[in-house]
Amino acid sequence: KQDEFLRCKKKYVAFGGARGGGKSWAVRTKAKLLALRYAGIKLLIVRRTLRELQNNHIDPLRQDLAGIAKYKASDKRFEFPNGSTITFGYCACDGDMGQYQGAEYDVIGFEEATNFKEEWMVFICTALRTTRTDFRPRVYYTCNPGGVGHAYIKRLFIDRRYRTGEDPEDYCFIPANVYDNEVLMHADPAYIKRLEALPEHK
């Protein structure tokens, strides 16, 4: 499923459904590959908090991209020699949306998208625009069931109930399952038991 996600070129792609499916790894890997392939491409990865970004993306990427891209801590951005950038942003409240006004990105990735309000995702996506002719702008959503954005993600990717201006051909849902993550299953098979110990709604 990670491979399917990496190869998908649809405009809106949701990758989710279960914990442990390798979603964060897939988003980081896709961002790296796009940044290396398309010179000057601008990518944004968004989570609710900076701490989540640091733990789930910035720290692993600093290791992965050592000697390849420079990390500017003040801007929370990786800069590649070919001009590409991966920027990290957060949105934990209505007031945080203002930082995306006037911004411009070729790719936006919402990590744990169902934790974002629908209006936050819609507003941040207004920063998805480009003048490039070699790349079609894209939005990636990783998600688990539940959360304030659950109904929005479910409408688009599960129920596929589209409104005016939403083209069904633009949307793709890739289900994530913990058993798809072969590396995790091999390294920590007991992880399944920890998932089974969670309350049903989790």
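Listed by position, the helices (runs of 4 or more DSSP H) contained in the range 135-202 that have at least 3 residues being modelled with pLDDT under 95 and in contact with a Pro (Cβ under 8 Å, 6 or more places away or on another chain) form an empty set. On the stretch given as the range 52-84, residues that are in a helix (DSSP H, G or I), out of contact with any Ser or Thr (no Cβ under 8 Å at 6 or more places or on another chain) and buried (at least 18 other Cβ atoms within 10 Å of the Cβ) total 4. Could you go through the range 134-153 and let me know if any residue there is open to solvent by 10 Å² or more (accessible area, probe 1.4 Å), without any contact (Cβ under 8 Å) to a residue 60 or more places away in the chain, farther than 21 Å from residue 16 by Cβ and not small (Gly, Ala, Ser). No: zero hits. Applying the condition of being assigned to a helix (DSSP H, G or I) and crowded, with 22+ Cβ neighbours inside 10 Å to the range 27-51 and asking which residue is nearest to the chain's Cα centre (by Cα) yields 27.
Exactly one of these conditions fails for residue 90: (1) of a type in the set (Ser, Thr, Tyr); (2) over 18 Å from residue 57 (Cα atoms); (3) in contact with a helix residue (DSSP H, G or I) (Cβ under 7 Å, 6 or more places away or on another chain); (4) open to solvent by 40 Å² or more (accessible area, probe 1.4 Å). Give me its number. Unmet for residue 90, out of (1) of a type in the set (Ser, Thr, Tyr); (2) over 18 Å from residue 57 (Cα atoms); (3) in contact with a helix residue (DSSP H, G or I) (Cβ under 7 Å, 6 or more places away or on another chain); (4) open to solvent by 40 Å² or more (accessible area, probe 1.4 Å): (2). Pairing each residue of the range 29-47 that is at positive phi with any residue that is surrounded by fewer than 18 Cβ atoms within 10 Å (Cβ to Cβ), provided the two are 6+ apart or on different chains, yields C-beta distances under 6 Å for 40/83. The one condition from (1) within 14 Å of residue 110 (Cβ to Cβ); (2) touching a residue at least 60 places away in the same chain (Cβ under 8 Å) that residue 53 does not meet is (2). Among the residues making up the range 93-122, those that are aromatic (Phe, Trp, Tyr) and either over 17 Å from residue 58 (Cα atoms) or open to solvent by 70 Å² or more (accessible area, probe 1.4 Å) (or both) are 100, 105, 116, 120.
The values are calculated or read from the model by the stated rules, or taken from the named source; none is laboratory data. What you see is a predicted model; the values in this text were computed from it and never measured. All Cβ positions, glycine included, derive from the backbone under ideal geometry; neighbour counts span all protein chains shown. For accessibility, only protein heavy atoms count, side chains too; no ligands or nucleic acids. Shrake-Rupley method; radii C 1.70, N 1.55, O 1.52, S 1.80 Å.
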